[in-house]
Amino acid sequence: MFLLVIIACIALANAHGSYPHAQPYDFGYAIRDHHSHQYRQEAGNGLGAVTGRYGYV
């Protein structure tokens, strides 16, 4: 039984996957109807810095 617990712990420790590396991206949208205009623009550099703008008129 002890051996089974050890094997299960090792399997769980090895099952932890790594996260993929961040990549640069650019995202945006604009919605306009009869009453309003909404927009969002965002860009990330892949190193954690994110810049952008958004608005609702």
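Table for the structure above
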item	result
Failed item in (1) more than 27 Å from the chain's Cα centre (by Cα); (2) at pLDDT below 80, with VAL57 passing the rest	(2)
Residue, farthest from VAL50 (Cα to Cα), within the stretch 7-28, restricted to residues that are modelled with pLDDT under 80 and surrounded by 10 or more Cβ atoms within 10 Å (Cβ to Cβ)	ILE7
Hits in the stretch 29-48 - residues which are under 13 Å from the mean Cα position of the chain (by Cα) and exposed (fewer than 10 other Cβ atoms within 10 Å of the Cβ)	LEU47, GLY48
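The values are calculated or read from the model by the stated rules, or taken from the named source; none is laboratory data. Please read these numbers as outputs of a predicted model, since none were measured by experiment. We place every Cβ from the backbone using ideal geometry, glycine too, and count neighbours over all the protein chains shown.
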